[in-house]
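Let me begin by presenting the structure, written as structure tokens, before commenting on it.
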Amino acid sequence: MGNYNFREIEEKWRHFWDENNTYYTDVRDFSKPKYYILDMFPYPSGQGLHVGHPRGYITTDIVARMKRMQGYNVLHPMGFDSFGLPAEQYAIKTGNSPIDFTYKNIDNYIRQMKLMGLGYDWSKKIATCDPEYYKWTQWMFKQLFLDGYAKYEDCPVNWCEELGTVLANDEIINGKSERGGFPVVRKNMKQWVINIPTYAEKLLEGLDELDWTEQAKTTQRNWIGKSKGANITFEVSGTKEHFTVFTTRPDTLFGATYCVLAPEHKLIDTITTNECKKAVEEYKKICLTKSDLERTELNKEKTGVFTGAYAINPVNQAKLPIYISDYVITTYGTGAIMSVPAHDQRDYEFAKKFNLDIIPVIEGGDISVQAYEADGKHINSDFLNGLDKQEAINVMCKYLEDHNLGKATTSYKLRNWIFARQRYWGEPVPILHNGDECIALEDEELPLELPKLKDFKATNGQAPLESAEEWKYVNRNGKTYKRETSTMPSSAGSCWYYMRYIDPHNDDTFADYELMKHWLPVDLYVGGSEHLTGHLIYSRFWNRYFYDKGLVPHKEPFKKLVNQGLILGPNGEKMSKSKGNVINPDDIIAEYGADTLRLYEMFIGPITDTAPWDTSNIEGVKRFIDRIYRLYFELDYINDKQNDAVTKVYHETVKKVTENFEKLEFNTAISQMMIFINTVYKEKQLNNTLAENFIKLISPICPFIAEEVWQQVFKHNESITTAKWPTYDENMLKNDTFELVISYNGKFISKQATPMNTSKEELIKLAKDYYNAHPKDGKQIKNVIAVENKLVNIVLE
RNA sequence: GCCGAAGUGGCGGAAUAGGCAGACGCACAGGACUUAAAAUCCUGAGAGGGCAACUUCGUGUGGGUUCAAGUCCCACCUUCGGUACCA
């Protein structure tokens, strides 16, 4: 008993699938409906996969397998987001090449994935660090450059000194670098930036048509951060200078008592009076050296200094002192605000600290305590008096526009995408510099390959490629140009990889348009929610830009998105090397087999929830697989007889499993399959045909044992992967009778078998008869509620 | 602070067009098989009370709607995730 040798069996089918190219997809076969199912491709780290990673991969593998069996032409590829910091740091530390390191890791990932039985079509494999791939990343960047979306400009960036590079907003967590947790400061630098904010509106609109959770959409909407308001121009008193503020509350303009410029604001030097110069300079210096974390620390006291200059309120000519303070951010709005302390808590705190006027312009609240930010009738506001917030905003906007003092504007939190890293291990930027002139490489010069370096370390804040002396200089049209020595961020290659899978070896274009038209958008995309504000914004932008250019056939790349939950370590903490709670799938597979690992990860709970790893539960699902094995190979329950109880459960199971798989509810699908197997064990009987079909049902989750049964027991020569998915008979699910629930005052009392579709009148009669036979405390029936085919509730006095 | 998700046995979790709470599994207990153990098979089980049929209490807390609430409404508490002075 129990001699299920999973090691031998799994090894056998692994080879069989490899040798028979079982998971190969012919993308030019349009005869069947298509289904494109995609995982977020991993960064191939040196540690390999832990058991948390495959949760998503198993999910997509199950759906891919079912869809294949349902007659779809399924594209289910995998690749590697293989540029990135860890390989470079490893190279610096060990003196090895990041290239060899990366490819070695990729091989290990592929080995692990095959070990788990993930049915990827490896002929479509891509790696973003392959020159054949990044040729097109560079080509696409070139288009962005030629169209003016990618610019080389002086801009405030997030600088990480320890990493020696700039970082994007989504690479910073709590003011520290995502990689390494080092402090990040603000700095002005000439950098490659991509103007995504111009696509903010399109990215917002595009969300509406997507089959994503509201949560995912909301996260993106918040990140894009659309605010309606107005830009208002203020003259600087006694000068010819002026500046513009952005406000969402133009209706409170009469309550403005001062203005604040961000410390980086260009006008500061011009307008600061001599008496204030010293203090202003000092304050600016402090701001520059503060890390982002220090600048945004919780409950921080407001700081700032007076410039000595005054702005003129355009609607009532009031003189407003101009301050600078780091509570105003240079990268949002115009980097300048008008302050209305009566109706904005931040302004209120600043005003209290610096003893500035607080003038209420809206009724309600108590401004001796705090700012009043709610709606109300306007006061002290001339032509706005008596109006509520929205009316006042409309009237003020019209007034500003009519008098050429400002205009209604929309602002977004979404910022420029800093598209350069002072790193080696990334795509070279295909640009040549000569002074202020930037030119793109010719298409024939792509890919621009990374030169081999001896030392990958950045010195003196310079990019590692600065040391590639020969590579660095290029003659063109009689002039000497210097190559761009920053490389692209790792989010570059992941912006379009889902296109390349469709046509991975095309040398003429990034992907054939007709093939993309057929295969895109991705039908189901599974990956972690941490990518919502990075990768999933960038790739949607990338796709939309190329759609607008007519090079990509669909507006949106990912029709349905699912974010799988984390698997925590046995101690309930996030798995990490440093916490020592990492579980390696290789170990689990060696001990229990890949089928068990897959089944366990799917049985653990809803895939969108976080769940702790619990080894004792693995034993339970292993037991279930053993029961299946025994049923097919050892017990003699399977024959050509029929058994009504089993047949009924069988049809329920086909229905439930099919529906559950479709909705990615694997834990309940597995429960149902357990119920089926329990029934068979109880009845000690299973019809041949049902036995053959049941193994198909479980094959997406447990492909190894399913293949073993399919080929050894049922003597098929082809993989179960190509079998036809079972269907159920709706008639078999119907019953002649149902269990009528009888309750008193809503409390369950009893139930009795009753013919289906018994009329309400008869149910009520039944209920009354029942009550007469089983009265309670001599109480009288007040009412009887009957629900057909379900219950009767007897309401007592 | 703001946005989002979630609180159900000893544990992971089922059940929402409102209708038998705790499916399925783990751990636990008992039985069968065995010289014995493991494995396997069968049975039991939310908590309290009763020999018992039975009975009371039970889905984070407090209210409410309803014949009927884990499910709907209001207020609150807790946990997790995201975000961070966005004017």
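The values are calculated or read from the model by the stated rules, or taken from the named source; none is laboratory data. Note that the structure is a prediction, hence the values are computed from the model and not measured. Here Cβ is always computed from backbone atoms with ideal geometry, including for glycine, and neighbour counts include all displayed protein chains. Accessible surface is based on the protein model in full, side chains and every heavy atom, while ligands, DNA and RNA are left aside. Shrake-Rupley method; radii C 1.70, N 1.55, O 1.52, S 1.80 Å.
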| task | Could you tell me what percent of the accessible area of segment A:81-233 is made up of carbon and sulfur, with a 1.4 Å probe and every protein chain present? | result | 48
| How big is the gap, in Å, between the Cα center of segment A:514-589 and the Cα center of segment A:94-126? | 18
| message | Among A:526-534, A:148-156, how do they line up by average Cβ neighbours within 10 Å per residue, starting with the highest? | response | A:526-534, A:148-156
| message | I'd like the orientation of helix A:54-69 relative to chain A: the angle between its Cα long axis and the longest Cα principal axis, in ° from 0 to 90, rounded to 10. | response | 60
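Determine, for each peptide in A:300-306, A:63-69, the mean count of other beta carbons within 10 angstrom over its residues, then list the peptides with the highest first. Spell out each step's value before the answer.
Working: A:300-306: 16.6, A:63-69: 23.9.
Sorting A:300-306, A:63-69 by mean packing, highest first, produces A:63-69, A:300-306.
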| message | Taking all protein chains in place and a 1.4 Å probe, what share, in percent, of the accessible surface of segment A:661-797 do carbon and sulfur account for? | response | 48
| note | Here the gain from full extension of A:L453 to A:S576, 0.36 nm per residue of separation minus their alpha-carbon distance, amounts to 41.1 nm
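Number of Lys pairs in segment A:479-584 with C-alpha atoms less than 23 angstrom apart, excluding same-chain neighbours closer than eight positions? Spell out each step's value before the answer.
Numbers: A:K517/A:K549; A:K517/A:K555; A:K517/A:K559; A:K517/A:K560; A:K549/A:K559.
Count of close lysine pairs: 5.
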| request: May I ask you to give the solvent-accessible area per residue for segment A:498-554, in square angstrom, as obtained with a 1.4 angstrom probe? | output: 30
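Kindly report the accessible area of segment A:406-470 per residue (heavy atoms of protein chains, probe 1.4 Å, no ligands, DNA or RNA), in Å².
Working: 3170 Å² over 65 residues.
Accessible area per residue, segment A:406-470: 49 Å².
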| Taking the Cβ of A:H535 as the center, what net charge do the other residues with Cβ under 12 Å away carry, scoring Lys and Arg +1 and Asp and Glu -1? | -3
| task | Please find the FRET efficiency linking A:N678 to A:K715, where r is the Cβ-Cβ separation and R0 is fixed at 30 Å, and quote it to the nearest 0.05. | result | 0.65
| message | If I compute solvent accessible area with a 1.4 Å probe over the protein chains, what percent of it on segment A:485-608 is carbon and sulfur? | response | 47
| query | Ignoring ligands, DNA and RNA, what accessible area per residue does segment A:1-126 give at 1.4 Å, in Å²? | reply | 38
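What ranking, highest mean first, results for peptides A:712-722, A:27-37, A:82-92 when packing means the other Cβ atoms within 10 Å averaged over each residue? All intermediate terms of the calculation are to be shown ahead of the outcome.
Details: A:712-722: 14.2, A:27-37: 15.9, A:82-92: 22.5.
In descending order of packing, they fall as A:82-92, A:27-37, A:712-722.
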| field | 222 nm mean residue ellipticity, helices alone, for chain A (DSSP H n ≥ 4; -39,500 (n - 2.57); rounded to 500) | value | -10500 deg cm²/dmol
| query | Each label point is 7 Å from the Cα along the Cα-to-Cβ direction; what then is the distance between the points at A:K285 and A:K217, in nm? | reply | 5.2
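By the gyration tensor of its Cα atoms, with a ≥ b ≥ c the square roots of the eigenvalues, what is the shape of segment A:192-298: rounded for a/c under 1.5, prolate for a/b over b/c, or oblate?
Prolate.
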| Heavy-atom accessible area of A:K398 with all protein chains present, probe 1.4 Å, nearest 10 Å²? | 120
